[in-house]
Amino acid sequence: MAENVTKGLRPVLTPDQISDKVRELAERISDDYAGETPLMVAILKGGFVFLSDLVRAMAIPVEIDFAQISSYGDETESSGRIRVIKDITTPIAGRHVIVVEDIIDTGRTLKHYLNELRARGPASLKVCALINKPERREFTPDIDYLGFTIPRGFLVGYGLDRAGRFRELPGVYEVPDEG
Ligand code: PRP
């Protein structure tokens, strides 16, 4: 990683803090779903890093799928528009489904997509989120498995971007002048 990539960013979560939490969450999920093969659905683009670490820490078999739901575009402020760009391709009727999010901000993305998934009749539908950021919350989905609550700030790294940048950073940082 080039050193100047993180220049001006404020460290919020270290890679070690994240990997400890990922292991803890994977253990809880593995215990709760023992004997099952849940379908874990990452919300792209941000969720790909968290999902890939999470599934490799699981002690039970899982299947994965991906959805992409857009609400922000390249803006730092939410536009309020929600659009399913890519839906999962796995039929979920009767399946145990866990939606994996990097961050829950306003709650709009999850509210919209959980409603869509619920209508397809899964056996269960739960949410695993690395970061809960309640500052701008409009809808409060139940978060069954939560990594961290970070009250405010514009966060990047570990899948989170600002205008497409910083997703590759192994830690989470705050962009000081945003938010
Ligand atoms: C981010 C994040 C969540 C969503 C949360 O995705 O990854 O999916 O916003 O925000 P909300 O709770 O206010 O709906 P974004 O729409 O920025 O897309 P990206 O993952 O492709 O960057």
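A 1.4 Å probe run over the chain, with the rest of the protein chains in place, finds 50 Å² accessible per residue.
By how many degrees, between 0 and 90 and to the nearest 10, does the Cα long axis of helix 108-118 differ from the longest principal axis of the chain? In the chain, helix 108-118 runs at an angle near 10 degrees to the longest axis. A convex hull fitted to the Cα coordinates of the chain yields 106 cubic angstrom per residue. Of all beta bridges that DSSP places with both ends in region 2-175, some 35 percent have antiparallel geometry. Which distance in nm do the two modelled labels at I82 and F139 give, with both placed 7 Å along the Cα-to-Cβ direction? So the two model labels end up 0.2 nm from each other.
Against the main long axis of the alpha-carbon atoms of the chain, helix 47-56 sits at an angle near 60°.
For region 127-132, 3J(HN,Hα) computed residue by residue from phi via the Karplus equation (6.51, -1.76, 1.60; θ = phi - 60°) reads 10, 10, 10, 6, 10, 9 Hz, glycine and proline entered as x. When the listed pairs K21/K111; K86/K133; K21/K86; K111/K133; K7/K133 are checked against a 21 Å cut-off, the alpha-carbon distance exceeds it for K21/K111; K86/K133; K21/K86; K7/K133. Only protein atoms count toward the accessible area here, which uses a 1.4 Å probe; on the chain, the carbon and sulfur part of that area reaches 47 percent.
The values are calculated or read from the model by the stated rules, or taken from the named source; none is laboratory data. Here the structure is a predicted model, which is why all the values come from computation and not from measurement. Glycine gets a Cβ as well: all are built from the backbone with ideal geometry, and neighbour counts include every protein chain shown. Just the protein is used for accessible areas: all its heavy atoms, side chains included, with ligands, DNA and RNA removed. Shrake-Rupley method; radii C 1.70, N 1.55, O 1.52, S 1.80 Å.
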